[in-house]
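Just below is one structure, and these are the notes that go with it.
The values are calculated or read from the model by the stated rules, or taken from the named source; none is laboratory data. A quick note: this is a predicted structure, and the numbers were derived from the prediction, not measured. Every residue, glycine among them, receives a Cβ derived from its backbone with ideal geometry; neighbour counts consider all protein chains shown.
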Amino acid sequence: MHTYPALHNAMWPGLVGKGPDSEPPIDLETMLNLTAAADVGGVKFEGVDLFLFDPHVSIDSSDDDLKRLADQIASRNLVVGSLVAPVWPPTGGGSAMGSEEDGKNFVTQVRKACRIAKTLDDLGVRKYGIIRIDSASSPGEWAKDPAGNQKKIAETFRLACDVADEYGERLAAEGEICWGGMHSWKRNVELLELVNRPKTLGFQADMAHTLLFTLGYNAPEDRILPEGYDWSRRETLDEALKTMTHALRPWTIDFHVAQNDATVKGSGSHDKTGRHCLPKDPNGKLDIARHAGFWLRDDAGTVTKALRHICWDGCMFPNATMMQASTWNDVLGAMIAVRDAHGWD
């Protein structure tokens, strides 16, 4: 059993894809209780990653609000890691490639997230983690002017980096097929290089979302796996993942353990993106523990030790599934397997 990386659970599956046109959200206290109760052979989750949006954590939380939040989390023997900044227009932000006002709103949300991060740091409940962002733009809008829009996103991200530097924080851009300019593995590398702030901006890799990069969803020109790929040919998948992780691993500063069945899903207001599956889903295409190593080990097979924590992400599961203790024990078991295979002391 290794000490690192710490094992975290994401709280936003209680919110993402939930709402008036879907199922009701699951409150933060319930998500914390489910996480704290999970136990596999005496091993438990060590922390949580948070979405800074109501009804979980308001981006405009007061210091007193954050003190109550810190106490709520610490009382369950958990800590806080990474935070998701609500940079999208419906949550008070704006498109990173939009108008000047959009850009200001985007950066304002990053500033508010950094302020919350610093407060949680000062309260002693957070000692590592990043602020997660994306372009808050659709691939369709981006495609109207790829070069110009990519430049605009990079400019907005650089302004966000300036804010993060003020607070001593790092930003991680999560590539997903639903975010313009970040909808393929090559476009993510291009964007990170355009921003050129490697000490401040990195990549957040989610195993489910990045699997779809190899299939070229929304970017067929960047597909790695062949058309009509036969999923029984595991060595072909391994080679595709090696190509992708070779390019993105050097930028990766935050990591989501996840499973995917090579399909997309959207729920509520969330655009279609990589379908998260339960760890034991028979349709899952990933060998979670083994394929996590493509991100957590370098090309020579050496553990990089680049990440203080890893987080499970499983969005858009039915509430009935999420309320079962067995769901979180299975998730924790998958996380333990990743750490056993690629962790350190």
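Are there any pairs with C-beta distances below 7 angstrom linking a residue in the stretch 324-341 that is in contact (Cβ under 8 Å) with a residue 40 or more places away in the chain to a residue that is of a type in the set (F, W, Y), with the two at least 6 apart or on different chains, and if so which? From the stretch 324-341, the pairs are V331/W312; L332/F45; M335/W312. Whether a residue is in contact with a His (Cβ under 7 Å, 6 or more places away or on another chain) and over 29 Å from E169 (Cα atoms) was assessed, and A219 passes this test.
Among all residue pairs at least 6 apart or on different chains, which show Cβ distances below 6 Å where the first residue, located in the stretch 303-318, is farther than 22 Å from W344 by Cα and in contact (Cβ under 8 Å) with a residue 12 or more places away in the chain and the second is outside any loop (DSSP other than H, G, I, E, B) and basic (K, R)? If the second residue must be outside any loop (DSSP other than H, G, I, E, B) and basic (K, R), the pairs left are M316/K265.
The residue that is farthest from V338 (Cα to Cα), counting only those in the stretch 28-67 that are surrounded by 14 or more Cβ atoms within 10 Å (Cβ to Cβ) and among the acidic types (D, E), is D65.
State all residues of the stretch 42-54 that are in contact (Cβ under 8 Å) with a residue 24 or more places away in the chain and over 13 Å from the mean Cα position of the chain (by Cα); if no residue qualifies, say none. Hits for the stretch 42-54 are V43, K44, F45, E46, G47, L52, F53. Inspect the stretch 316-333 for any residue being in a loop (DSSP other than H, G, I, E, B), modelled with pLDDT under 95 and in contact with a strand residue (DSSP E or B) (Cβ under 8 Å, 6 or more places away or on another chain) and give the result as yes or no. Checked the stretch 316-333: at least one residue is in a loop (DSSP other than H, G, I, E, B), modelled with pLDDT under 95 and in contact with a strand residue (DSSP E or B) (Cβ under 8 Å, 6 or more places away or on another chain).
Here the condition is being buried (at least 16 other Cβ atoms within 10 Å of the Cβ) and more than 29 Å from K127 (Cα to Cα); of M207, M244, M182, it holds for M244 alone.
Examine the stretch 145-157 for a residue that is on the phi < 0 side of the Ramachandran plot and touching a residue at least 60 places away in the same chain (Cβ under 8 Å), and state whether such a residue exists. Yes, the stretch 145-157 contains at least one residue that is on the phi < 0 side of the Ramachandran plot and touching a residue at least 60 places away in the same chain (Cβ under 8 Å). Within the stretch 85-111, if we keep just the residues that are in contact with a helix residue (DSSP H, G or I) (Cβ under 6 Å, 6 or more places away or on another chain) and among the β-branched types (V, I, T), the residue that is surrounded by the fewest Cβ atoms within 10 Å (Cβ to Cβ) turns out to be V107.
Conditions tested, residue by residue: (1) part of a strand (DSSP E or B); (2) modelled with pLDDT under 95.
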site	(1), (2)
L159	no, no
E166	no, no
A173	yes, no
E176	no, yes
K199	no, no
Y229	no, no
P250	no, no
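Condition check ((1) under 15 Å from the mean Cα position of the chain (by Cα); (2) surrounded by 18 or more Cβ atoms within 10 Å (Cβ to Cβ); (3) among the small types (G, A, S); (4) over 18 Å from F294 (Cβ atoms)) across all residues:
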residue	(1), (2), (3), (4)
E174	yes, yes, no, no
I177	yes, yes, no, yes
T214	no, yes, no, no
T236	no, no, no, no
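Scanning the stretch 1-19 for any residue that is in contact (Cβ under 8 Å) with a residue 24 or more places away in the chain, surrounded by 20 or more Cβ atoms within 10 Å (Cβ to Cβ) and either closer than 16 Å to L123 by Cβ or among the polar types (S, T, N, Q) (or both) turns up at least one such residue.
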